[in-house]
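S.K.: One structure, pasted below without further comment.
The values are calculated or read from the model by the stated rules, or taken from the named source; none is laboratory data. Everything quoted here is computed from the prediction, not taken from an experiment. Backbone-built Cβ (ideal geometry, glycine too); neighbour counts: all protein chains shown. For the accessible areas, the whole protein counts, side chains as well, though only heavy atoms, and no ligand, DNA or RNA atoms are used. Shrake-Rupley method; radii C 1.70, N 1.55, O 1.52, S 1.80 Å.
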Amino acid sequence: VGRPQADRAVETARRQGAVRVTEVRLEIGELANVEMTALLFGLEAALRHSLAEGARIECLIIPGQGRCLTCGETVPLAVRYDPCPRCDGYPVRPTGGQELRVKDILVE
């Protein structure tokens with residue numbers, strides 16, 4: 001979630017007549033390789049001097065999942081490049097948990 005996405009969310013709120021963004025909810029996948037402290041610091045800076053300054057930031061963690069190319073099963077995947085938990089096969093292609101996006105915002 002960079003400045004362009006943050007700006008887009010705030011601009012959408014402004015167009016809808018909002019006077020303040022009170023909460024920003026993010027979807028962050030387990031496999032998105034996000035350093036949460038850095039993300040929150042950057043987001044706080046991106047929202048400064050906007051309708052969303054001081055808004056509560058909620059992070060919704062999306063579990064990783066992948067499709068094993070050996071057995072064909074869709075399986076939970078906590079770490080990229082892990083073997084399939086069902087057959088120990090490789091590779092497991094990620095199919096979920098790579099998200100990094102603004103899910104929604106709450107406004108006044």
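S.K.: Being closer than 26 Å to T12 by Cβ, in contact with a Lys or Arg (Cβ under 8 Å, 6 or more places away or on another chain) and among the acidic types (D, E) is the filter here, so list the residues in segment 52-108 that pass it.
M.R.: E58, D104, E108
S.K.: State the number of residues belonging to segment 82-108 that are over 20 Å from the mean Cα position of the chain (by Cα) and not hydrophobic (A, V, I, L, M, F, W, C).
M.R.: Final tally of qualifying residues: 9.
S.K.: Next question, about the same structure. Can you confirm whether Y90 is on the phi > 0 side of the Ramachandran plot and without any contact (Cβ under 8 Å) to a residue 24 or more places away in the chain?
M.R.: Working: on the phi > 0 side of the Ramachandran plot: no; without any contact (Cβ under 8 Å) to a residue 24 or more places away in the chain: yes.
Taking the combined requirement at face value, the residue does not satisfy it.
S.K.: Moving to a separate point now. On the basis of being open to solvent by less than 70 Å² (accessible area, probe 1.4 Å), in a loop (DSSP other than H, G, I, E, B) and closer than 18 Å to D7 by Cβ, does A32 make the cut?
M.R.: No, not satisfied.
S.K.: Does L47 qualify as being under 17 Å from T22 (Cβ atoms) and either modelled with pLDDT under 95 or touching a Ser or Thr at 6+ places or on another chain (Cβ under 8 Å) (or both)?
M.R.: Taking the combined requirement at face value, the residue satisfies it.
S.K.: Quickly run through segment 44-63 and pick out the residues that are without any contact (Cβ under 8 Å) to a residue 40 or more places away in the chain and within 12 Å of the chain's Cα centre (by Cα).
M.R.: Across segment 44-63, the qualifying residues are I57, E58, C59, I61, I62, P63.
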